[in-house]
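No lab work stands behind these numbers, since they all come straight from the coordinates. None of the values given here were measured: they were computed from a predicted structure. Cβ placement follows ideal geometry from the backbone for every residue including glycine, while neighbour counts extend to all protein chains displayed.
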Amino acid sequence: MSNSSKTLVLGDGGWGQALAMALHRAGRKVAVWGFDGTYAADVACSRDNTRFLPGVRIPEEIQWTGDVAEALDGAEEYFSVVPTQFLRPTLDRFDGKLALLPAISASKGLELGTLERPSEILKKAAGAQAGVAVLSGPSHAEEVSLGRTTTVVIASDQEGLAEHAQTLISNDSFRVYTSSDLVGVELGGALKNIIALGAGMVDALGLGDNAKAALVSRGLMEMARFGVSEGAQRETFFGLSGAGDLMVTCYSQHSRNRGLGERIGSGESLDDILESSAKVAEGVWTCKAIHAYAKSQGVKMPLTEAIFGILFEGQDPHKTVHALMTRPTRSELDTPTS
């Protein structure tokens, strides 16, 4: 095998495929690694990721493998696109061999138990001596894979890494901005999924456009409030990884989180929904992680609390909406006290 340089994409889901195709369009040599070696071999042969992004043909030039050594051969950096709850055991498969490669995380959410962001997991579990950046923004895999116009942001607290990643993947259909607010960009991509669950519930309950717009705008304020409490910049949440990603996730037909919320609002149980889909809706686990943490830190997040109650405590969605609407009145920009 050639030892010429390439970019490794860690994770063979739809988002991993989409980023691999964006890198390919930017002229980069790309390898995609998948956890299931048998399935990876099937995809390598058929060039169709039937499990996660069916019907979008994978270019022959993109290497697709389940073999760790093959994936690493010649790699100069990697994009981590593994669902957050599975990231740590996936990194164990690489046995420290990723430590010297710059990492660009495109995973979203917080790890249950530790409450760590994906970039923190990469720094600790993978070593990440060469630094970590984070990619986020309004970017459904279904559209990125087809080369539809998309704009995202890449953030890093290490000088030069965001700019390096920007150069790797930018092309005429995939525009990339940079940021130094890694925490804000990463939290924006995680927290918006919680609000998208609520957006799906609003759709299912037939509450209308006014209610959905209120949910999205108040959800954005809630995201920013939590982010600032964690050291993020407030302005970041009104950019691509905050407002931009929030809008597309709350309104798009492609949104797994909005779709899951719609099914919940239609009366399906969370357990049944999770068992019926191989695709991961990160907002469910992010909601569970954030709900407990925010309460422990004294950060008021009434929408997150309401969505948690519906998902995990069996609360009735209609009664939950009524409870939100009848909370004590206050100024729009005040921090809620109850």
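Which lysines does residue 288 reach when only Cα atoms under 20 Å apart count, and residues fewer than 8 places away in its own chain are ignored?
Those lysines meeting the cut-off are 108, 192, 279, 300.
Run through the DSSP bridge list for the chain and note the antiparallel percent, rounded to the nearest 5.
On the way: 6 of 30 bridges.
The antiparallel proportion sits near 20 percent.
Where the centre of each part is set by its Cα atoms, how far does the stretch 275-291 sit from the stretch 40-93, in angstrom?
The stretch 275-291 and the stretch 40-93 have Cα centres spaced 22 Å from each other.
What nm distance separates the two modelled labels at residue 292 and residue 92, each placed 7 Å from Cα along Cα→Cβ?
So the two model labels end up 2.0 nm from each other.
Could you work out the percent of alpha carbon pairs in the stretch 6-180 separated by over 26 Å, rounded to a whole number? Display every interim value, and only then the final one.
Working: 3207 of 15225 pairs.
Tail fraction, whole percent: 21.
Using Cα atoms only, what is the angle between the long axis of helix 256-265 and the major principal axis of the chain, expressed in degrees (0 to 90) to the nearest 10?
30
Tell me the volume per residue, in Å³, of the convex hull enclosing the alpha carbons of the stretch 100-201. If you can, show how the numbers build up before the last one.
Details: hull volume 10.8 nm³, N = 102.
Value for the stretch 100-201: 106 Å³ per residue.
Within 10 Å, at most 11 other Cβ atoms, and a DSSP state outside H, G, I, E, B define an exposed site. Report the longest part of the chain free of exposed GluC sites (Glu not before Pro). Don't skip to the end; give the middle numbers.
Working: sites that count: 60, 61, 159, 313, 332.
Between exposed loop sites, the widest span is 160-312.
Could you pull out the trypsin sites (Lys or Arg not before Pro) across the stretch 1-106 that fall in loop regions by DSSP (anything but H, G, I, E, B) with no more than 14 other Cβ atoms inside 10 Å? All intermediate terms of the calculation are to be shown ahead of the outcome.
Values: sites: 6, 25, 28, 29, 47, 51, 57, 93, 97; in loops: 28, 29, 47, 51, 57, 93, 97.
Within the stretch 1-106, the qualifying trypsin sites (Lys or Arg not before Pro) (loop, at most 14 other Cβ atoms within 10 Å) are 47, 57, 93.
Taking the simple approach of a point 7 Å from Cα along Cα-to-Cβ for both residue 5 and residue 149, what is their distance in nm?
It works out to 3.1 nm between the two label points.
Run down the lysines and flag those whose C-alpha is under 17 Å from the C-alpha of residue 97, throwing out any fewer than 8 positions away in its chain.
List returned: 6, 123, 124.
What nm value, rounded to one decimal, do you get for the distance between residue 129 and residue 158 when each label is placed 7 Å out toward the C-beta?
Here the modelled spin labels are 1.1 nm apart.
How long are the semi-axes of the equivalent ellipsoid of the stretch 296-338, taking √(5λ) for every eigenvalue λ of the Cα gyration tensor, in whole Å from largest down? Working shown, then result.
Numbers: eigenvalues 79, 41, 8 Å².
Result for the stretch 296-338: semi-axes of 20, 14, 6 Å.
Going by amide H atoms built from the backbone, whose H comes under 5 Å of the H on residue 133, apart from near neighbours?
The answer is 103, 104, 105.
Give me the Å³ per residue figure for the convex hull around the C-alpha atoms of the chain.
Numbers: hull volume 42.8 nm³, N = 338.
So the per-residue Cα hull volume is 127 Å³.
Which FRET efficiency value, to the nearest 0.05, is calculated for residue 275 and residue 324 with the Förster distance at 41 angstrom and r the Cβ-Cβ distance?
In this case the efficiency is close to 0.90.
Give the aspartates and glutamates reachable from residue 319 as a straight Cα distance under 20 Å; neighbours fewer than 8 places away on the same chain don't count.
203, 209, 262, 268, 305
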